Amino acid sequence: MSGRIGGRRPWLVWLVAAALTVAGLATYAVAVPHDRLSADAMTTPTITQPAAAAPPSAVPLTPAPGGTGRPLAAPAVYASHNGELNVTLVAAQRRVTIAGRRVLAKVYGDSFVAPTLVVRPGDMIRVKLVNHLDEPTNLHFHGLEVSPSGHADNIFVSVDPGKSFQYAFRLPRSAPTGTFWYHSHEMVPMSQMTRYPNAYSEEQVFDGLSGLIEVQGLTADLPAGLHDVVQRYLALRDVQVADGAIASSQINSNGPTTRLVDGQLQPRITIAPGQTELWHIANIGADIFYRLALPGHSFDVIAQDGHPVIHATPERTLLLPPGKRFDVLVRGGRRGITPLETLFYNEGDDHYPERTLATVDTTGPARRPQPAPSVISWGSVDLGYAHVVRRRVVVFSENQAGTVFYIDGQSYDPAKINFHARVNTVERWTIVNHTDETHPFHMHTYPMQLMSVNGVPQAFNGYQDEIVLPPHGYVVARIDFADYTGITVFHCHILAHEDAGMMANIEVSR
């Protein structure tokens, strides 16, 4: 992405306008779900826009005096009660406080930090989205294995300004436990593209429309001494501002940016020597990677992408592309101050510098260390022994300028079903990356097991919903198309890439 600026790309306007002539999957829902996506207008709109002045360049946010180093504040939590979660999320553009500065952002509610939704397996989840923005939006419940149709995790719903939509679905009793997230997955209806040139996933997520979900129950897999472990939510994102507002166009993922933890700049986390805490870490930003390190400490990974691992694994660093989550145990070390860092990372095109995200202050009376767990859960079935009904090769590529992105040589066409699969079958996918960049491959709805990377076998330790594709390399994954039929998508979760074509539709049927 180096040297490229995100935002709505002219090529996509004419590409999708051309797709209007095809009856099929165009989605123009005004808060109405589609089990089968309906065709949009059969005539191509005139793609003309008045000349506009170039938007101001976005820059990192400069904190106000005293705007950094404050104790990490927990986000607001909306928790289920008696097996039900009933929440209303109001999406609106508001002035919020970030690092002591008042900034215009798109948010859920009155704070830049979206509320965390806390549920349990088997819960009935009802989330009403009210759109007070001046552009369409919607919701995606990232990682939850629920129906992609109707009022559930249906990304083809588009909620117009001034409208609302009631999402409602039951979480399976067998649902995995860990950290998930919700965010805008808006794909502007084709008939309204010229009216809403910036209302796409990258811009809306970058502007603030994302938050955490925790499916509780992970602590039940821990030793008895950790059942009441202190838990923290660490939602990672970055901001750039222009004229007092978070940038909604001209987003430069390779430019200087301000990295935040739960909406705070370099907050302070306090822990006692020997104390163990459970951190729910998620990259809920639009485009950039994090490579976390806490010098002198390790992260004991107990869940990845909301799936408990089989064996807890100590890691010195954690790589989090956009959308990735880890649940980790962290133990306080020697007394003193330690930076929680994101280390230098070469994405292949973008280069992200080392930054301090927070400071960990180890202080107070020492605690007796709890033994680290070995086995977390045997709940995931090794797909390596499953019958494979189909083998595919899927190729990710881009044009030479890095402005148009493809899957199997095609940019995303909302009017086309690219892949078909059968419910309750397992497929083997070889995903090939023909670019200089790292791409996080995300499959909606259905869990994946990483089998190998560049031919090197990977030991089975649970499922993922995001797999990192190495530049000019390939991975092999097995995908379990379990339980649900319907149309959904898979894509690169660098949202600038997704919006610029690196996404495809897949229909799972009986």
Kirkwood hydrodynamic radius of the range 248-403, Cα pairs, Å: 18.1
Sites Ala220 and Gln400 - FRET efficiency at Förster radius 45 Å, r taken between beta-carbons, to 0.05: 0.30
Find how much the distance from Asp408 to His151 grows on full extension, using 0.36 nm per residue of separation minus their present alpha carbon separation; answer in nm with one decimal. 89.5 nm
Applying 1/(1 + (r/R0)^6) with R0 = 35 Å to the Cβ-Cβ distance of Asp110 and Ser191, what FRET efficiency is obtained, to the nearest 0.05? 0.60
Tell me, what % of the accessible area of the range 60-110 is carbon and sulfur with a 1.4 angstrom probe? 47
Answer rounded, prolate or oblate for the range 58-201, using the Cα gyration tensor with square roots of eigenvalues a ≥ b ≥ c: rounded when a/c is under 1.5, else prolate when a/b is larger than b/c, else oblate. oblate
I want to check the label-to-label distance for Asn346 and Arg334. Put each point 7 Å from Cα in the C-beta direction and report it in nm to one decimal. 3.3
Thr425/His311 FRET efficiency (R0 30 Å; Cβ-Cβ; nearest 0.05): 0.60
Sorted by mean Cβ packing within 10 Å, highest first, what order do the peptides 253-263, 280-290 take? 280-290, 253-263
Calculate the spin-label point distance for Thr270 paired with Arg70, positioning each point 7 Å from the Cα along the beta-carbon direction, and give it in nanometres. 1.6
At a temperature of 20 °C and a viscosity of 1.002 mPa s, determine how fast the chain diffuses translationally according to Stokes-Einstein, using the Kirkwood radius over alpha-carbon pairs as Rh; express D in µm²/s, rounded to the nearest whole number. 93
Would you compute, from DSSP H runs of 4+ residues alone, the mean residue ellipticity of the chain at 222 nm, taking -39500 (n - 2.57) per run and dividing by the full residue count, rounded to the nearest 500? -1000 deg cm²/dmol
What nm value, rounded to one decimal, do you get for the distance between Ala366 and Val393 when each label is placed 7 Å out toward the C-beta? 5.9
Using only the C-alpha atoms of the range 128-242, find the volume of their convex hull and express it per residue in Å³. 125
From the Cα trace of the range 65-111, what convex hull volume per residue do you get, rounded to a whole Å³? 70
Based on the alpha-carbon gyration tensor of the range 373-459 and its eigenvalue square roots a ≥ b ≥ c, which shape applies: rounded if a/c is under 1.5, prolate if not and a/b is larger than b/c, or oblate? prolate
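The values are calculated or read from the model by the stated rules, or taken from the named source; none is laboratory data. As the structure is a prediction and not an experimental result, all values here were calculated from the model. As a convention, Cβ positions derive from the backbone with ideal geometry for all residues, glycine included, and neighbour counts pool all protein chains shown. Side chains included, ligands, DNA and RNA excluded: accessible areas come from the protein's heavy atoms. Shrake-Rupley method; radii C 1.70, N 1.55, O 1.52, S 1.80 Å.
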